[in-house]
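Written below as structure tokens is the structure these notes are about.
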Protein chains: 2
Amino acid sequence: MNAEIIAVGTELLMGETQDTNTSWIGQRLPEFGLEPEYASIVGDNLTRLTETLDRAWRRSDVVIVMGGLGPTLDDLTRDAIAKMLGEPLTTDPELKDWLEENFARRNVRPMPRQNLRQAGIIPSAVAIRNAMGTAPSWWIDRDGKLLLTLPGPPRELSNMWTTEIAPRLKERLPGKKVMSRTFKTIGLSEAAVDEMARGVYDIPGMDFGVYAKPDGIYLRAIAKADTEAEALNTLLRAETMTRDALGAYIWGTDEEYPPERAGELLLRRGYTLAVMESCTGGMVGAALTETPGSSAYFLGGAITYSGAMKAQAGVPEETLREHGAVSEEAARAMAEAARRTFGADCGVSVTGVAGPGDQDGVKAGTVFIGVATPETAGVSRHEFPSRRPLVRNRAVTAALLQLIQALQERAP
Amino acid sequence: MNAEIIAVGTELLMGETQDTNTSWIGQRLPEFGLEPEYASIVGDNLTRLTETLDRAWRRSDVVIVMGGLGPTLDDLTRDAIAKMLGEPLTTDPELKDWLEENFARRNVRPMPRQNLRQAGIIPSAVAIRNAMGTAPSWWIDRDGKLLLTLPGPPRELSNMWTTEIAPRLKERLPGKKVMSRTFKTIGLSEAAVDEMARGVYDIPGMDFGVYAKPDGIYLRAIAKADTEAEALNTLLRAETMTRDALGAYIWGTDEEYPPERAGELLLRRGYTLAVMESCTGGMVGAALTETPGSSAYFLGGAITYSGAMKAQAGVPEETLREHGAVSEEAARAMAEAARRTFGADCGVSVTGVAGPGDQDGVKAGTVFIGVATPETAGVSRHEFPSRRPLVRNRAVTAALLQLIQALQERAP
């Protein structure tokens, strides 16, 4: 079945706010056997919104409308759907009570008059209350088609989708069940993953995709079957075969990201970690501390942007003098100093030239990464395309993946 | 005149890649007097793409198509435009030569056969060569309307727009010239900015908008006039009046961001800076070093995620013991320690509970920020909504704005 996504809001069209909802929803549709064929952004304009809804309703099986559900007069999604379907828009007394209670709980009495608009409903819509805001969703099941509204704020949208919409869709939609699994590899080229996974491709009822991402090559396996149990079975078979084929190169799956995976491995080994960062200026520490509970293994570290700071943090001055601050030797000494100075089991270091210009004869984009654990010590050299933000982002990912590899190699 | 943006690519619909081009282009259209009315994403499907192009060409004055210009068979933008306009698609010999030279320079000989597709052209299109890739843009000026293609990779797109498309649009489009200026303020509410700027609103030929952003309240002034000189004149008048009205609260304009502005102020005063970060784990350092040349004022600092690290970096243990690591006193001591331990003129500290859970009786979302300069020392207390990424991002912005305010107050 085909699906269509409509994001509503002039601020999205003008680029004042970046629309991330379309991509978030688009990712989740295949799981329900839905194929997104069109997505559009429409401003807060009744004529254009109604026209866009009308076209979507005629050509698509499932239409998902995001935003335009607020209380103000330029929130027109409700009005446009009512107009498009030719149904009257009236105030739902139960929704009105719920809204008033909502405001009362926040000690806003009486409820601002304009919020009454959010209690509007049409006969064919079922209202679904929003646990995180005042905009309810509409679930419209008419003429064999579905039209759903979702609140625009990404946090409300994702909560509404996960807790309310996804379970209803699972019940409502017929046909094939789809399940997928993404294997994230490191140390292999796209062609090599493709080559090594070839045997897995022959499993019937499965589709595969190979993608290059900043944190390595992904292999996505998609199982389609008549029942969920059958899809799961096929997927588990693919999992076993893929792990046989790519084993040591797989560092994570699905929604796992490098900082999280590094944290898991550190926890499992009972190791602590400290960093010493030069050209990344704190980004490795920032990435590691994205994960709640990272204080269990991450001690902190030093941002040694200047040469004097490196020496102060325990890097031998003679190493810096002889080999320069951007060198294999400096990276090795920095990783060791991170361990020693801060009393950590593992140390990660980054030193490089982020650019745009070259520095002391070292080309912009050159980065050395050091990883030291109680068992191993290694330095890698990278030549990233010399755009400053790219060099720095790539360096962070490379540092985390190098740490993951070092911890994985000897993992119990 | 109205404009319509079309992004092409199944990966955008499926959410595998987040479309950022629509928002980037949307932001730039008002400058040319163009109003974006529709934006859409279409997959790599000839029928759907042709149909979407056809609708756009009928209803919009300017149509901008992004992506689908690669060499492979699923890059269908050229084919769809040819079909929609009913023009033949042939190989342009000059484009072919240019492409072959392009590959020869990269030592790829002969050019892969499929890249010949990128030399395709239709009679009413003028090809514009791409300085950063192999996909040329098409400039189609027909029936009083414009249709432009832009390469999909954001870096190629922005370069093509800035160097080639924007100057041509300026020449081609009639009517009002539009110029804008955004003033970024801190320390005022949306309502206060609105109130204080009211006098400026009366300047004829100008529109104003007030927006709340993570780094303060923005006031956007838009001047429309028949000539560029006239628009500039109006805008300069607004600039003077706005600075009179909001003076000390303005920390930057247009594309200026806090890290850059902080760097400028540090450079102007000849000051160096060191940081001491707890809950932000290196994010303040990461933000400061986004700016090329930041080594002129940023020395580095310490990521003191654990209590022991704070003490090691020079924070008195007795302060930590008596007041706790997340306290006004700790933030003050950390900012001072950043200056003293690392020999910097200024110190910035962040200590807080990023969440999701509370910690040692301190509520998640509570953050203390310390700023110490040779002249001032201050600590601010914040209660951010307790979502971890949000707490951390807000803390970074708040820290940089606090530093900017401290440096601005006594700026020469």
- One residue of chain A has its C-beta nearest the axis rotating A onto B; that residue and its distance in whole Å are A:GLY282, 1
- Nm distances between copies for B:LEU267, ranked from closest, using label points 7 Å along Cα→Cβ: 4.3
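If you put +1 on each Lys and Arg Cβ and -1 on each Asp and Glu Cβ, how big is the dipole of the protein assembly as shown around its Cα centre, in Debye rounded to 20?
Numbers: 90 positive and 110 negative charges, 57 e Å.
Charge dipole, the protein assembly as shown, about its Cα centre: 280 debye, nearest 20.
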- Message: Output the 0 to 90 degree angle, nearest 10, between the alpha-carbon long axis of helix A:93-105 and the longest principal axis computed from the alpha carbons of chain A.
- Response: 40
- Query: Classify the stretch B:177-253: rounded, prolate or oblate, from the alpha-carbon gyration tensor (a ≥ b ≥ c, eigenvalue square roots; a/c under 1.5 rounded; otherwise prolate if a/b is larger than b/c)?
  - Reply: prolate
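Tell me the volume per residue, in Å³, of the convex hull enclosing the alpha carbons of chain A.
Working: hull volume 74.4 nm³, N = 412.
Per residue, the Cα convex hull of chain A comes to 180 Å³.
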- Task: Could you give the C-alpha radius of gyration of the stretch B:2-172 expressed as a fraction of 2.2 N^0.38 Å, taking N as the number of residues it contains?
- Result: 0.98
- Item | Whole-Hz couplings from phi, Karplus 6.51/-1.76/1.60, listed for the stretch B:53-69; x for Gly and Pro | 5, 4, 5, 5, 5, 6, 9, 10, 7, 10, 10, 10, 10, 10, x, x, 10
- Query: Could you put B:SER189, A:SER278, A:SER380 in order, starting from the residue whose Cβ has the fewest other Cβ atoms within 10 Å?
  - Reply: B:SER189, A:SER380, A:SER278
- Query: Around B:ASP92, which amide H atoms from residues at least 5 apart in sequence, or from another chain, sit under 5 Å from its own amide H, with H modelled in the peptide plane?
  - Reply: B:GLY120, B:ILE121
- Note on the structure: Among beta bridges assigned by DSSP with both residues in the protein assembly as shown, the antiparallel ones amount in percent, to the nearest 5, to 65
- Amide H contacts of A:LEU188 (H built 1.01 Å from N, under 5 Å, at least 5 apart or other chain): A:ILE217
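Could you work out the relative contact order of chain A? I mean the mean sequence separation of Cα pairs under 8 Å and 6+ apart, divided by the number of residues, in percent.
On the way: 782 pairs, mean separation 40.2, N = 412.
Value for chain A: 10 percent.
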- The rounded separation in angstrom of the Cα centers of the stretch A:96-154 and the stretch B:312-350 is 48
- Pull up the cross-link candidates among the lysines for A:LYS170, meaning alpha carbon to alpha carbon under 23 Å and not fewer than 8 places away within one chain. A:LYS145, A:LYS224
- Note on the structure: Length-normalised contact order of the stretch A:236-301, Cα under 8 Å, at least 6 apart, in percent, tallies to 32
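I need the shape label for the protein assembly as shown. Rule: rounded when a/c is under 1.5, else prolate if a/b > b/c, else oblate, with a, b, c from the alpha carbon gyration tensor.
On the way: a/c = 1.36, a/b = 1.23, b/c = 1.11.
Judged from the Cα gyration tensor, the protein assembly as shown comes out rounded (a/c under 1.5).
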- Length gained, A:LEU116-A:GLU328, 0.36 nm per residue minus C-alpha separation, equals 69.8 nm
- Output ³J(HN,Hα) for the stretch B:215-231: one whole-Hz value per residue in order, computed from phi by the Karplus curve 6.51 cos²θ - 1.76 cosθ + 1.60 with θ = phi - 60°, and x for Gly and Pro. 9, x, 9, 9, 10, 9, 10, 10, 9, 10, 8, 6, 10, 5, 4, 5, 4
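Under the 0.36 nm per residue contour assumption, what length would be gained going from the current alpha-carbon distance of A:SER189 and A:THR47 to full extension?
Values: separation 142, 0.36 × 142 = 51.12 nm, distance 5.00 nm.
Stretched out fully, the A:SER189 to A:THR47 stretch lengthens by 46.1 nm.
How much net charge surrounds A:PHE32 when only other residues with a Cβ under 15 Å from its Cβ are counted (Lys, Arg +1; Asp, Glu -1)?
Working: positive: A:ARG28, A:LYS145, A:ARG168, A:LYS170, A:ARG172, A:LYS176, A:LYS177, A:LYS224; negative: A:GLU4, A:GLU31, A:GLU35, A:GLU37, A:ASP61, A:ASP141, A:GLU164, A:GLU171, A:ASP226, A:GLU228.
Residues near A:PHE32 contribute -2 overall.
Restricting to the stretch A:258-409, what percent of DSSP beta bridges are antiparallel, rounded to 5?
On the way: 14 of 24 bridges.
Bridges in the stretch A:258-409 that DSSP calls antiparallel: roughly 60 percent.
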- With a point put 7 Å past each Cα toward its Cβ, work out how far A:ASP360 is from A:GLU228 in nm, to one decimal. 5.9
- Label 7 Å beyond Cα on the Cβ vector: A:PRO204 copy-to-copy distances, nm: 8.0
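Which of A:MET276, A:MET66, B:MET132 comes first, and how do the rest follow, when ranked by fewest Cβ neighbours within 10 Å? Please report the intermediate quantities before stating the final value.
Working: A:MET276 34, A:MET66 30, B:MET132 14.
Fewest to most other Cβ atoms nearby, the residues stand as B:MET132, A:MET66, A:MET276.
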- Message: I want the local charge near B:ASP254. Using Cβ-Cβ distances under 10 Å, sum +1 for each Lys or Arg and -1 for each Asp or Glu among the other residues.
- Response: +1
- Task: Would you mind finding the longest exposed-site-free stretch of chain B, with exposed trypsin sites (Lys or Arg not before Pro) meaning DSSP loop and at most 16 other Cβ atoms within 10 Å?
- Result: B:177-362
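Compute the Cα gyration tensor for the stretch A:1-53, then decide on rounded, prolate or oblate, letting a ≥ b ≥ c be the square roots of its eigenvalues: rounded whenever a/c is under 1.5, prolate when a/b is larger than b/c in the other cases, and oblate in all that remain. Mind showing how you got there, number by number?
Working: a/c = 3.95, a/b = 1.55, b/c = 2.55.
Oblate, because a/c is 1.5 or more while a/b does not exceed b/c.
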- Within a 10 angstrom radius of each residue's Cβ in B:289-296, how many Cβ atoms of other chains show up on average? Whole number is fine. 5
- Query: Along the Cα-to-C-beta direction of B:ASP143, a point sits 7 Å from the Cα; which residues of the stretch B:1-20 have their amide N less than 18 Å from that point?
  - Reply: B:2-6
- Once phi is turned into θ = phi - 60°, what whole-Hz ³J(HN,Hα) does the Karplus curve with 6.51, -1.76 and 1.60 give for every residue of the stretch B:14-31, x standing for Gly and Pro? 7, x, 6, 10, 7, 6, 10, 5, 4, 5, 4, 5, x, 4, 8, 6, x, 4
- Item | Sequence-distant lysines (8 or more away, or on other chains) whose Cα lies within less than 17 Å of B:LYS184 | B:LYS213
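Once the other residues with Cβ under 9 Å from the Cβ of A:SER23 are scored (Lys, Arg +1; Asp, Glu -1), what is the net sum? Before the final figure, lay out each step's value.
Numbers: positive: none; negative: A:ASP19, B:GLU16, B:ASP19.
Neighbour charge sum, excluding A:SER23 itself: -3.
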- Once the label point is placed 7 Å from Cα along Cβ, list for A:GLY293 the distances to the corresponding points in the other copies, in nm, shortest first. 4.6
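Please report the antiparallel percentage of DSSP beta bridges with both residues in the stretch A:2-172, rounded to the nearest 5.
On the way: 10 of 27 bridges.
The antiparallel fraction comes to roughly 35 percent.
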- Task: Name the residues whose placed amide hydrogens come within less than 5 Å of the amide hydrogen of A:GLU35, ignoring near sequence neighbours (fewer than 5 apart) on the same chain.
- Result: A:ASN2, A:ALA3
- Fewest-first ranking of B:THR304, B:THR182, A:THR134, using other Cβ atoms within 10 Å as the exposure measure: B:THR182, A:THR134, B:THR304
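Every read-out reported here was derived from the displayed coordinates using simple, explicitly stated rules and does not represent laboratory data. Bear in mind that the values here come from a model prediction, so they are computed numbers and not experimental data. Cβ coordinates were reconstructed from backbone atoms using ideal geometry, including for glycine residues, and neighbour counts include every protein chain displayed.
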